[in-house]
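Novice: There's a structure below that I have some questions on.
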Amino acid sequence: MKKKIAEDRVVDIVVYILLALIGIITLYPFYYTVICSFNDGLDLMKGGVYLWPRKFTLANFELFLGDKEWQHAFMVSVARTVVGAALRTGFTSIFSYALSRNNLMFRKGYRFLVVFTMYFSGGLIPFYVLLKSLGLLNTFWVYVIPGMVDAFFVMTGINFFNGIPESMIEAAKIDGASEGKVFVKIVLPVSKPFLATLALFAAVGQWNSWLDSAYYAVKNPDLQTLAYKMMTTINQTVASSANTAAAGQISQANTATTFTVQATAMVVSMLPIMCVYPFLQKYFVQGMMIGAVKE
């Protein structure tokens with residue numbers, strides 16, 4: 001028994017060490033980005049900054065928050081996140097609830113089309129042509145309309161809504177409630193785990209997305225998102241030597257460099273999701289278990 005206990009302790013120690021190493025490897029890049037955002041840009045170029053800011057400054061945040069282009073990109077990201085998450089949550093939940101009803105005509109056909117789109121797509125060029133024919137290119141709505149329905153969460157929502165007791169819906173209909181009132185008054189209040197999970201995934205996807213800005217809104221500078229601006233700035237810094245001179249001009253004026261401003265933008269871009277997630281964590285954990293257990 002003692003030998004077994006000693007072996008368990010050894011295993012526990014090894015597991016804890018591995019978990020600690022994985023945690024450090026995972027969290028340190030984020031921590032280093034935070035350090036760089038609070039460190040003087042010229043001082044950071046000397047190297048040797050690993051655990052905490054060597055020369056603390058708020059100049060990077062002052063430069064970032066004072067730049068109208070960064071401010072505008074931030075507001076565009078906020079707008080597309082709020083509108084896009086709301087539309088995706090609303091339309092996906094309505095669609096999935098409709099497909100969960102057994103009395104829906106052509107129900108199997110609709111579900112087949114949803115599953116088919118999960119595995120096959122028309123490709124980038126046909127999708128671009130479709131957006132152009134709809135007049136969505138270089139408009140704000142190109143960010144939110146194409147993603148109003150998520151096929152994966154439609155299937156997840158079908159499984160979730162099937163778990164709602166049919167007796168609740170039938171009782172509401174007997175009392176004279178319409179289909180829409182049943183959905184709003186009966187179904188949605190008991191669907192918080194699914195709705196919170198869907199909203200969180202939709203918001204994170206909208207906030208981090210930058211490819212649609214590069215492909216479908218590139219001709220409209222007013223539609224640049226925070227993620228797209230960070231990506232273009234990073235690429236220009238790496239690929240173009242002209243940005244080296246630009247970084248030097250920034251450094252001379254504000255002791256900030258292009259890299260420290262990028263780090264500041266990354267920190268600012270992570271804050272909204274980090275602030276929202278704790279309030280949705282309870283529902284998020286429940287929502288991730290939807291369809292995982294069958295009785």
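The values are calculated or read from the model by the stated rules, or taken from the named source; none is laboratory data. Small disclaimer: the values here were computed from a predicted structure and weren't measured. Every residue, glycine among them, receives a Cβ derived from its backbone with ideal geometry; neighbour counts consider all protein chains shown. The area values use the complete protein model at the heavy-atom level, side chains included, leaving out ligands, DNA and RNA. Shrake-Rupley method; radii C 1.70, N 1.55, O 1.52, S 1.80 Å.
Novice: Rounded to the nearest 20 debye, what is the charge dipole size of the chain about its Cα centre when +1 sits on each Lys and Arg Cβ and -1 on each Asp and Glu Cβ?
Specialist: Charge dipole of the chain: 540 debye, to the nearest 20.
Novice: Select from Asp40, Asp150, Asp67 the residue whose mean-square fluctuation is largest in a Gaussian network model of the chain (Cα-Cα springs shorter than 10 Å).
Specialist: Residue with maximal mean-square fluctuation among Asp40, Asp150, Asp67: Asp67.
Novice: Of all the accessible heavy-atom surface of the stretch 129-218, with the other protein chains kept in place and a 1.4 Å probe, what percent is carbon and sulfur?
Specialist: The computed percentage sits at 65.
Novice: Stokes-Einstein D for the stretch 40-83 at 25 °C, 0.890 mPa s, Kirkwood Rh over Cα pairs, in µm²/s?
Specialist: For these conditions, the coefficient is 195 µm²/s.
Novice: Working from the pairwise distances between different alpha carbons, so that the mean of 1/r is found and then inverted, what is the chain's Kirkwood radius in Å?
Specialist: With all distinct Cα pairs of the chain included, I get 23.0 Å.
Novice: Right, here's the next one. Report the FRET efficiency, 1/(1 + (r/R0)^6), for Asn162 and Lys68, where r is their Cβ-Cβ distance and R0 is 45 Å, rounded to 0.05.
Specialist: Given R0 = 45 Å and the Cβ-Cβ separation, E is 0.35.
Novice: Please report how many Lys pairs in the stretch 78-220 have alpha carbons closer than 27 angstrom, counting only residues at least 8 apart along the chain or sitting on separate chains.
Specialist: Qualifying lysine pairs in the stretch 78-220: 9.
Novice: Extension gain Phe30-Val129, at 0.36 nm per residue separation less the Cα-Cα distance, in nm?
Specialist: Residue separation times 0.36 nm, minus the Cα-Cα distance, leaves 31.8 nm.
Novice: Taking the Cβ-Cβ separation of Val276 and Phe91 as r and a Förster radius of 25 Å, what is the calculated FRET efficiency to the nearest 0.05? Mind showing how you got there, number by number?
Specialist: Working: r = 21 Å, r/R0 = 0.83.
That gives a FRET efficiency of 0.75.
Novice: Can you give the convex hull volume per residue for the Cα atoms of the stretch 84-212, as a whole number of Å³?
Specialist: With only Cα atoms used, the stretch 84-212 gives 125 Å³ per residue.
Novice: Could you order Ser191, Ser133, Ser178 by accessible surface area, starting with the largest, using a probe radius of 1.4 Å? Show your work: numbers first, answer last.
Specialist: On the way: Ser191 0, Ser133 90, Ser178 70 Å².
Most to least solvent-accessible, the answer reads Ser133, Ser178, Ser191.
Novice: Still on this structure, I have one more. Per-residue accessible area for Thr232 at 1.4 Å probe radius, Å² rounded to 10?
Specialist: Result for Thr232: roughly 40 Å² accessible.
Novice: Next question, about the same structure. Between Ile174 and Asn208, how many nm apart are label points set 7 Å from Cα along the C-beta direction?
Specialist: 4.7
Novice: Helix 107-119 versus the longest principal axis of the chain: what is the Cα-based angle in degrees, 0 to 90, to the nearest 10?
Specialist: That works out to roughly 20 degrees.
Novice: Hey, another quick one. Using a Gaussian network model of the chain whose springs link C-alpha atoms within less than 10 Å, name the residue from Leu130, Leu271, Leu18 with the highest mean-square fluctuation.
Specialist: Leu18
Novice: Figure the gain on full extension for Arg111 and Lys219 (residue separation times 0.36 nm, minus the Cα-Cα span) and round it to one decimal in nm.
Specialist: 35.2 nm
Novice: Compute the long axis of helix 68-100 from its Cα atoms, compare it with the longest principal axis of the Cα atoms of the chain, and write down the angle in degrees, 0 to 90, nearest 10.
Specialist: Between helix and principal axis, roughly 20 degrees.
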